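The values are calculated or read from the model by the stated rules, or taken from the named source; none is laboratory data. In this text the structure is predicted, and so the values were computed from the model without any measurement. Glycine also receives a Cβ, built like all others from the backbone with ideal geometry; neighbour counts cover every protein chain displayed. Only protein heavy atoms, including side chains, enter the accessible area calculation; ligands, DNA and RNA are left aside. Shrake-Rupley method; radii C 1.70, N 1.55, O 1.52, S 1.80 Å.
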Amino acid sequence: MFWRSVVGKLWFTILLLVCFVLFILTVLLLEFFQNYHVVEAERHLLQTADRISDVVDRYEQEEDLLLSTTALVKDPASRAVIVLSEDEQLVSESDSVSLPVLDYDWFENDEDTATVLNERADVKKVADLGNGETGVMVVGTPLDNRDGAVFVYQSLDTIEETSEQTTKIIFLGAGIAIVLTTIFAFFLSTRITAPLIKMREGALELAKGEFNTKIPIRTHDEIGELAMAFNRMGRELKFHINALNQEKEQLSGILRSMADGVITFNREGDVLISNPPAQQYLEAYEFEKNAASASADQSSLPEPLMDLFNDVITDENESMIEMTLQGRSWVIIMTPLYDKEKVRGAVAVLRDMTEERRLNKLRKDFIANVSHELRTPISMLQGYSEAIVDDIAESKEDKNELAQIIHDESLRIGRLVNELLDIARMEAGHIQLNEESVEMEPFLNRIIRKFSGIANEKSVDLNLKVEGEFGLLDFDPDRIEQVFTNLIDNAIRHSEPASEVQVILEKDEKEWIASVKDSGYGIAEEDLPFVFERFYKADKSRKRENKNYKKGTGLGLAIAKNIVEAHEGTISVHSKLREGTTFTFKIPFSHKEK
């Protein structure tokens, strides 16, 4: 981990560079000092030889004085050989035990040193004595006023020892330089990387959404300017992200509040954005396609829209289709989306036209049903009145019978018109409730007694079931009696002989609940959504064997629904074919029970 950090890399780079420079410098210094020591040793020995040559000129006849003076002039570790002639030579003493004694024959036989004797020229030479003996450095110079020469030589161990000392000093200096470089590199690296570490931590905080993070500015160099730029970037990011979030929330709110569904696709047909109405469409499609599979994928383009999507992407034109899904009618308008001049996807607007279609159908059915309901009594009025005018009825009894029929049909027309007016007033919000405090059990018992004769006539067991204790409840008794009357009359009318009709009264914490349950033929599932519509007729799913019952107008349940809703309640129906029907309405307590 250390080598991957900036500190490690910077330290290693600086250290490697310094080590490389020190290595080159050490090699050059060692080479320089080695040559320097050799040259200095040769120069020193040559100077010593010249001094000895001068001494020989002065004390040539005094051998002991010559040797003692020579010992004073030369280096104690060196040895001097004074060649006066082939047979006469003087050799000085040396403190170096390992330094051998060289005689005239060695100097004569050596090619370089022989030039001193023969050509009277100065000679400097490093000689290898062989036989495992140490090499020596030899210099020679001829005598000034006579034949002969002075040779001074010393062991190379002295030079090597000096070179070793110099090498140690150089390596010590290099080591100290490396240590100091390491300390400097770490100091420099930490000075550089400490702000970078702060910036990394700040960047991680920014990635987590903490846009208030600020980097301290400790210097005014490039790193300080970088910290200033980082802080400015954080402020700008916070501003732009807040702006984007506001736009996103605004767009999301608009999409959620839209009654129409909106779906956005990319160019590959994947769903990018959808609002709740569109999600209902996708869920309905997946339910129909995969039978409510839990693993249904709603991110892909529904198959019914694939052809429309391909046309929009290919032709780059707006397209529209109508389709039915799960019993609901949808109108889908799809428009291409552009990224500058290139189509990057499409947006589809889904409008649920089920309610419009239903209302349109109800309007047509309403006109047809009203026409049908009015045509029969009007035809009968016209026919029987013509019979009276044409004196077809001869006796007074026949005329009275025809007049009674005309009277009954006029009453029927009056009831139909009054019920239509009641519904119109209720739906316009003009219904007025005369609330009273009513004791429920006597109220229901009176209604049950009113229908006892009809129930006994059809052999239907009509009974009341009250769960719990009820005191006084506040509601409009006439209107609620109208609801009970309609529901009980329907239940008895559509029940088989020897069956049972139950009126159940119960309550919970906030409302009281009334149910009318029969065991008749039931209502078909496809008709259940329409039972509370005007002119709905139960004949579609129920049998009516007793011809003594007059046909209803089909407005009773619509009136009952409006009365319950006027009491701020709800009414519902549950039914299965050949298992019976249960109508339930719930009304909240207007006041606390007394």
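Brief remarks follow.
- The criterion of at least 2 residues that are surrounded by 17 or more Cβ atoms within 10 Å (Cβ to Cβ) and modelled with pLDDT of 85 or more is met by the following strands (runs of 3 or more DSSP E) wholly inside the stretch 397-499: 472-475.
- Residue pairs meeting the criteria (Cβ under 7 Å; at least 6 apart or on separate chains; first on the phi > 0 side of the Ramachandran plot, in the stretch 488-501; second assigned to a loop (DSSP other than H, G, I, E, B) and open to solvent by 20 Å² or more (accessible area, probe 1.4 Å)): A498/S459
- Pair list, Cβ under 9 Å, 6 or more apart: the stretch 171-191 residue farther than 25 Å from F33 by Cα, other residue in a helix (DSSP H, G or I) and of a type in the set (S, T, Y): A185/T13
- Qualifying positions in the stretch 229-276 - among the acidic types (D, E) and open to solvent by less than 40 Å² (accessible area, probe 1.4 Å): D260
Conditions tested, residue by residue: (1) touching a Lys or Arg at 6+ places or on another chain (Cβ under 8 Å); (2) of a type in the set (G, A, S).
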residue	(1), (2)
S94	yes, yes
F107	no, no
T115	no, no
R120	no, no
A127	no, yes
N145	no, no
F151	no, no
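- Hey, D57 in contact (Cβ under 8 Å) with a residue 12 or more places away in the chain, closer than 19 Å to V101 by Cα, acidic (D, E) and open to solvent by less than 60 Å² (accessible area, probe 1.4 Å) or not: no
- Just one of the numbered conditions (1) crowded, with 16+ Cβ neighbours inside 10 Å; (2) modelled with pLDDT under 85 is not true of V347: (2).
- Matching residues, the stretch 502-516, being over 14 Å from A560 (Cα atoms) and in contact (Cβ under 8 Å) with a residue 24 or more places away in the chain: Q502, V503, I504, L505, E506, K507, K510, E511, W512, I513
- Scanning the stretch 65-95 for residues that are outside any strand (DSSP E or B), of a type in the set (G, A, S) and crowded, with 18+ Cβ neighbours inside 10 Å yields S92, S94.
- Consider the stretch 172-212 and keep the residues that are among the aromatic types (F, W, Y) and within 30 Å of L30 (Cβ to Cβ). The one that is surrounded by the most Cβ atoms within 10 Å (Cβ to Cβ) is F186.
- One residue stands out in the stretch 225-265 among those that are among the small types (G, A, S) and modelled with pLDDT of 85 or more: the one that is nearest to Y285 (Cα to Cα), namely G261.
- Where a residue in the stretch 20-41 is touching a residue at least 60 places away in the same chain (Cβ under 8 Å) and on the phi < 0 side of the Ramachandran plot and its partner, wherever it lies, is open to solvent by 70 Å² or more (accessible area, probe 1.4 Å) and assigned to a helix (DSSP H, G or I), with Cβ under 6 Å and at least six apart: none
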